[in-house]
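Engineer: Can you keep this structure in mind? I'll have questions shortly.
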Amino acid sequence: STIHSPSTLRLIEDFKAKYPGTRHVQYDEVSYSGILQANEACYGKKAIPSYQFDKASTIVSLGADFLGTWLSPVEFSKQYATNRKVTGEAPKLSRHFQFESMLSLTGSNADDRFTHQPSETGAVALALLAKLGGAVSAPSISDAKLKQGIDKAAAELLKNKGTSLVVCGSNDINIQVVVNAINEMIGANGTTIDWTKTNNTRKGIDSDMNTLAADINAGTVGALLVYGCNPVYSHAEGKKLAAAIAKLPLSVSFNGTLDETTEQCKYVVPSHHWLESWGDAEPKTGHYSFIQPLINPLFKTRAFQTSLLKWSGGKSIATAPAADSTGKTIAPVAAGSQSDYE
């Protein structure tokens, strides 16, 4: 699955350099591929920006449960609460419109909530863009209450240009392109949307995983290394994938449990549990955290990173400095003795 550890990503690059035929595929079971590809098409950046709900006076969500499950709910909840508290003599609260098909935690907190069929998400986005003055044809929406909601949301967005934000939970690239156009029209980029700090927790592209599955089925993959994901269980073609993995000349799973994918692999080299692990992370550009274990490994496990080090010929993670997401070199941190990694 998505890796946002600078040191682990560096080790993967070293491994790819040692074995030039290697491909690194990231697969997220809860996919954000649509928004990643839409941003690449619109801005040339296959990334997710930072959404700043605390700077938004008008918030419109198209099925994004940003207080419950969407992307980074803990971060967003704190931001959202900033402008939802009645404080001072002249409090100014944000206005929140929620368009969704099923009741969510976010929808239950909205000032105005409007429901529609799941298949109508794209129509709602297009109708909203048309109301804002976008050069698109407004789709036909029969629900009078829904049409009224789109009118009200558009009016608030226009009234608060530069301090408004529209987010969407759809994984459809076309809908996300429309949402990008809406945010451009209301001046969200650079104010309520920050591109200088991207969210690195979701990088998986659905088409990359589909290509890998097709290549495994076609017999063009000689070896498969699996770490931190279980595609046989969660992928749409999981049953075919299981049969294909079982036929591979070499398949290795680093997963800590005997899940459906691991069962099909010829070798199981379980990595440490996260409570037993050293590590680092850059979940957002320029925001680093370091991980240290609370206990010694209980079983004969070995860190995934240690295996990559050994197989790529490296002796220590400190042999070369890693680079962060901005391209700047960062000094490696000694996270324990070599025996700790053994």
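Engineer: Within the range 23-43, is there a residue that is over 22 Å from the mean Cα position of the chain (by Cα) and crowded, with 16+ Cβ neighbours inside 10 Å? Can you show your working first?
Structural biologist: From the range 23-43, those over 22 Å from the mean Cα position of the chain (by Cα) are none; that's our starting set.
No, the range 23-43 has no match at all.
Engineer: Among the numbered criteria (1) modelled with pLDDT of 95 or more; (2) open to solvent by 20 Å² or more (accessible area, probe 1.4 Å); (3) within 24 Å of Gln79 (Cβ to Cβ), which one does Gly162 miss?
Structural biologist: (1)
Engineer: A further question on this structure: Suppose we keep only residues that are buried (at least 18 other Cβ atoms within 10 Å of the Cβ) and of a type outside the set (S, T, N, Q) within the range 76-97. Which one would you say is farthest from Ala155 (Cα to Cα)?
Structural biologist: The residue in question is Phe76.
Engineer: Mind checking whether some residue in the range 63-81 is in contact (Cβ under 8 Å) with a residue 24 or more places away in the chain, within 23 Å of Asn210 (Cβ to Cβ) and assigned to a loop (DSSP other than H, G, I, E, B)?
Structural biologist: Within the range 63-81, one or more residues are in contact (Cβ under 8 Å) with a residue 24 or more places away in the chain, within 23 Å of Asn210 (Cβ to Cβ) and assigned to a loop (DSSP other than H, G, I, E, B).
Engineer: May I ask you to say which residue of Thr58, Thr121, Thr69 is buried (at least 21 other Cβ atoms within 10 Å of the Cβ) and closer than 14 Å to Cys168 by Cα? Please lay out each step first, then the result.
Structural biologist: Working: Thr58 fails: closer than 14 Å to Cys168 by Cα; Thr69 fails: buried (at least 21 other Cβ atoms within 10 Å of the Cβ).
Result of the check over Thr58, Thr121, Thr69: Thr121.
Engineer: Would you please name the residue that is surrounded by the fewest Cβ atoms within 10 Å (Cβ to Cβ), looking only at residues in the range 178-219 that are within 23 Å of Leu67 (Cα to Cα) and aliphatic (A, V, I, L, M)?
Structural biologist: If we take residues in the range 178-219 being within 23 Å of Leu67 (Cα to Cα) and aliphatic (A, V, I, L, M), then Ile193 is surrounded by the fewest Cβ atoms within 10 Å (Cβ to Cβ).
Engineer: Continuing with this model, one more query. With the range 148-229 as the region, which strands (runs of 3 or more DSSP E) entirely inside it contain at least 1 residues that are among the aromatic types (Phe, Trp, Tyr)? Write out each step before concluding.
Structural biologist: On the way: elements: 164-168, 193-199, 223-226.
Here the list reads 193-199.
Engineer: Say we look at the range 235-265 and pick out the residues that are surrounded by 16 or more Cβ atoms within 10 Å (Cβ to Cβ) and hydroxyl-bearing (Ser, Thr, Tyr); which of these is nearest to Ser277 (Cα to Cα)?
Structural biologist: Looking at residues that are surrounded by 16 or more Cβ atoms within 10 Å (Cβ to Cβ) and hydroxyl-bearing (Ser, Thr, Tyr), I get Ser253.
Engineer: Considering the range 243-296 alone, what residues qualify as being in a strand (DSSP E or B) and among the small types (Gly, Ala, Ser)?
Structural biologist: Of everything in the range 243-296, those that are in a strand (DSSP E or B) and among the small types (Gly, Ala, Ser) turn out to be Ser251, Ser253, Gly279, Ala281, Ser289.
Engineer: Has the range 283-300 got at least one residue that is of a type in the set (A, V, I, L, M) and either in contact with a His (Cβ under 6 Å, 6 or more places away or on another chain) or open to solvent by less than 20 Å² (accessible area, probe 1.4 Å) (or both)?
Structural biologist: Here is the first cut: in the range 283-300, the ones of a type in the set (A, V, I, L, M) are 291, 294-295, 298.
Subset that is either in contact with a His (Cβ under 6 Å, 6 or more places away or on another chain) or open to solvent by less than 20 Å² (accessible area, probe 1.4 Å) (or both): none.
Checked against the condition, which is being of a type in the set (A, V, I, L, M) and either in contact with a His (Cβ under 6 Å, 6 or more places away or on another chain) or open to solvent by less than 20 Å² (accessible area, probe 1.4 Å) (or both), the range 283-300 yields no hits at all.
Engineer: Does at least one position in the range 139-149 carry a residue that is open to solvent by less than 20 Å² (accessible area, probe 1.4 Å) and modelled with pLDDT of 95 or more?
Structural biologist: Within the range 139-149, one or more residues are open to solvent by less than 20 Å² (accessible area, probe 1.4 Å) and modelled with pLDDT of 95 or more.
The values are calculated or read from the model by the stated rules, or taken from the named source; none is laboratory data. The structure presented is a predicted model; accordingly, all values stated were derived computationally and were not measured. Cβ coordinates were reconstructed from backbone atoms using ideal geometry, including for glycine residues, and neighbour counts include every protein chain displayed. Surface accessibility is based on the protein's heavy atoms, side chains included, excluding ligands, DNA and RNA. Shrake-Rupley method; radii C 1.70, N 1.55, O 1.52, S 1.80 Å.
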